[in-house]
Every structure is written in structure tokens, then in C-alpha cells.
Amino acid sequence: MQQKIVLIGGPGTGKTSVLNELIQRGFYCMPEVSREVTLKAKEQGIEQLFLTEPLVFSEMLLEGRELQYLNADKNDNNIVFFDRGIPDIHAYMDFFKTNYPDTFLNKSKKYQYSKIFHFAPWKEIHTTDNERYESFEESKTIDKFLLKAYSELGYKICNVPFGSIKERTDFILNSLSCDI
């Protein structure tokens, strides 16, 4: 049975760096969808789609993450890693106090993941860029909403300790080897 593993945490916590390390080690990984959605919006002249049209942005994210999940099902790899999962979407909308239809929570319940690895906010590595504009304080608050969303869906969350990219990646892979 395929394991679908999600890396969660606020912005700038090291998820993508670890995902890139997993790719280098030959694992099948699904990248973060929000950067792609943000860049497409910028090409259309919308500087911050999430801030101007949060529901439209979230619907695009949902479509992308659902497609990633379904593509993983078509894949014959035993393990697939995801840089964020479907529940991240409603967690972010809760953080921004955005009203949204039940579809988001229903999809979060429908598409289940095997294991959740949490990357806590880490001031020393937090940075901002054109697509990641949240401050470290905002990242800490978003992190609480993410933990709440996944916990309320019944997921057991495994905390990834601070360390080098190699150490964090090794921790995840060693944790998975115990489950196999």
C-alpha cells in the first residue's frame, strides 16, 4: 500500500529544502502548489492573489493539491512525499478569517494521508521572498492553525527536530522505516 507523506509547517520552516533533498535521494515528491498559483496570477497582473481573492486562490490550490493526490495514486512508488496537503488550505483560510464552503473540509476528509511530519517555526532559517511574504510572527501563528486543522482531522503529527537538511531528511526516513 502506498504511503502518502505530508510535510507541514508555517512558511519558511524548511519543508521545501527537505523535499528537494528527498528528490535528490530518488524519492517521488509533489512540490508546493501555491508558488505556481501565485506566479500564474502575477503573469496575469495580480500581485497577491491570496490577499485580493483568497477564495479564488484557495480553490486553485485545492484543484492543484487534489490533482497531485490523484496523480500519486496513479504512480507505483511505495512512498510519495507532499510539500503541504489539502488540509493546509482551510487552515490558511481560518488564519485569514476567510469564509469558505464545506468543499474544502470535505476534500480534506476524503483524501487521507498516511503520515504527517511537522516543521516548527525556526527563526534562524526563516526568510521571505516574492511568494513568501509572511513574517516570522505570522509563520508561528499560521503554524498553530495548521496543527489544529490536522489534529481535528485525527492525524497523529510527528515533529521534525531542528538540524541540517540532511539530519531532518534522515529523521523522516528513519521514522518511516519503523512503520514499514
Non-local amide H neighbours of GLN3 (under 5 Å, H modeled in plane, Pro and chain starts lacking H): which ones?
-> ILE79, VAL80
Percent breakdown of C-alpha pair distances by 10 Å bin, ordered from the shortest bin, for the stretch 3-179 = 10, 39, 39, 12, 0
When the dipole is taken about the Cα centre of the chain, and only Lys, Arg (+1) and Asp, Glu (-1) are charged at their Cβ, what size is it in debye, to the nearest 20?
-> 440 debye
Taking Cα atoms, how many degrees apart are the long axis of helix 165-179 and the longest axis of the chain, rounded to 10 and kept between 0 and 90?
-> 60 degrees
For HIS118, which sequence-distant residues (separation of 5 or more, or a different chain) have an amide H within less than 5 Å of its own amide H, given hydrogens modelled in the peptide plane?
-> ILE8, CYS158, ASN159, VAL160
Work out the length of the dipole vector of the stretch 1-101 about its Cα centre, built from +1 on the beta-carbon of each Lys and Arg and -1 on the beta-carbon of each Asp and Glu, and round it to the nearest 20 debye.
-> 220 debye
Rounded to the nearest 10 degrees, what's the angle between the helix 34-43 long axis and the longest principal axis of the chain, both from Cα atoms, 0 to 90?
-> 40 degrees
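Values in this text are rule-based calculations from the coordinates and carry no lab data. Not measured: the values here are computed from a predicted model. Don't worry about glycine lacking a Cβ; one is built from the backbone with ideal geometry, like all the others, and counts go over all protein chains shown.
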